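The structure under discussion appears below in the form of structure tokens.
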Amino acid sequence: MSSMRTLLAAVLSLSTASAWAQIPDTDADTQESTKAEAETAEAPLTVEACASALPSLRTPLAFMPGEVLEFDLDAMGAQAGTMTMRVHKQKDGHLPIQVEAQTNSFFSKVRRVRGSATAYLHPRTLRPKRYIEDTMENEQRRKVEVAFGQKERTVKVDYQFGQRPKGQFNYTFDKDGLDVAGAIYLLRQLPLKEDLQVCFDVYGVRRMWRMQGTVVKKETVTTPLGQFNAWHMQGVAVRLDRPKQRREVHVWISDDARRLPLAAVGTIDLGAVRATLTSVSRPGEKPQKSEGQESMKW
């Protein structure tokens, strides 16, 4: 796996949002699935079911159309790229959340990636109806369209890589089914408190994952935007069809009316990857930019 894919595989565990760029090659993915089936036949594994659905969301929303969040992405101590998250105006009864990311010049020497993902969320429940990815990896275009059936608890995935034939996956989810781009916005609306347990299924990288986490405690953290009181959430994402594949994740959300996603850290075999908030722009507010502090402290 290339460094870029390693980075964005872990960003998946940030529940968010740039996992769209970590899509594996079709042939390699087929080989992985065959291997996974063989492993499962030898030693069946199961994923623990969610004990309960997600709690009711807070109102009003902590974000609004026009909000723009910018992040630095780094892997194993080296800056790897940038990510931007935008809230658009409602369209056809849904709230579009768009994520754009690209590698920097250093990581582009390994794999050049630039693309976007858009989730169309219900404006009150923040559950997804559709999720679309459009990515250029080197010179190859990768497109994915996902349809969520919230009543039926189904997930239909249509994908195409370059000129290869189109492919499709069909999944189901347990109590709550989210996507990686919209999940962070739902987390911002949870009634966060110490020891709160959360569990949901999330689509990312053409697969479904079960995210089980806990609100650890409130912490004082220092970020490139300054110092915040923040809720520290930690958890593990487990791939439903291959439970041996797990991603540890930590997320910090500010304890104020904006509920900003300040940082997220994922761990992988090679080390840690991190997304750190560096800029906030919201309608009617003065833009908040990085104060030049290099790293987050907690």
### Scope the stretch 168-207; condition at pLDDT 95 or above, surrounded by 15 or more Cβ atoms within 10 Å (Cβ to Cβ) and either over 27 Å from Ala62 (Cα atoms) or touching a His at 6+ places or on another chain (Cβ under 7 Å) (or both); matching residues
Phe169, Tyr171
### Message
Of everything in the stretch 213-240, what is surrounded by 17 or more Cβ atoms within 10 Å (Cβ to Cβ) and over 30 Å from Ser281 (Cβ atoms)? Give them in sequence order.
### Response
Val238, Arg239, Leu240
### Task
Give me the pairs, please: first residue somewhere in the stretch 124-138 and without any contact (Cβ under 8 Å) to a residue 12 or more places away in the chain and among the basic types (Lys, Arg), second residue anywhere and surrounded by 22 or more Cβ atoms within 10 Å (Cβ to Cβ) and assigned to a strand (DSSP E or B), beta-carbon distance under 7 Å, and either six or more positions apart or on two chains.
none
### Query
When you scan the stretch 134-150, how many residues do you find that are at pLDDT below 95 and out of contact with any Gly (no Cβ under 7 Å at 6 or more places or on another chain)?
6
### Task
Report, by residue number, each residue of the stretch 159-202 that is of a type in the set (D, E, K, R) and either part of a strand (DSSP E or B) or over 14 Å from His232 (Cα atoms) (or both).
Arg164, Lys166, Asp174, Lys175, Asp176, Asp179, Asp201
### Message
Kindly evaluate Val155 against the criterion of being modelled with pLDDT of 95 or more and closer than 22 Å to Ser116 by Cβ.
### Response
yes
### Residues that are farther than 28 Å from Asp256 by Cα and touching a Gly at 6+ places or on another chain (Cβ under 6 Å), drawn from the stretch 156-205
Tyr159
### Message
Suppose the filter is modelled with pLDDT under 95, more than 25 Å from Leu61 (Cα to Cα) and either in a strand (DSSP E or B) or touching a helix residue (DSSP H, G or I) at 6+ places or on another chain (Cβ under 6 Å) (or both); does Met211 pass it?
### Response
no
### Query
Got at least one residue in the stretch 286-296 being surrounded by 16 or more Cβ atoms within 10 Å (Cβ to Cβ), of a type outside the set (A, V, I, L, M, F, W, C) and at pLDDT 95 or above?
no
### Message
Residues that are under 20 Å from the mean Cα position of the chain (by Cα), closer than 26 Å to His88 by Cα and in contact (Cβ under 8 Å) with a residue 24 or more places away in the chain: does the stretch 234-250 have at least one?
### Response
no
#### Entry: Only one of Ala237, Ala257 that is over 19 Å from Glu70 (Cβ atoms) and in a strand (DSSP E or B)
Ala237
### Message
Considering only residues that are under 15 Å from Pro128 (Cα atoms) and either out of contact with any strand residue (DSSP E or B) (no Cβ under 9 Å at 6 or more places or on another chain) or not hydroxyl-bearing (Ser, Thr, Tyr) (or both), which ones fall in the stretch 145-167?
### Response
Glu145, Val146, Ala147, Phe148, Gly149, Gln150, Lys151, Glu152, Arg153, Val155, Lys156, Val157
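The values are calculated or read from the model by the stated rules, or taken from the named source; none is laboratory data. Only a predicted model underlies this, so the values are computations on that prediction, with no experimental measurement involved. Here Cβ is always computed from backbone atoms with ideal geometry, including for glycine, and neighbour counts include all displayed protein chains.
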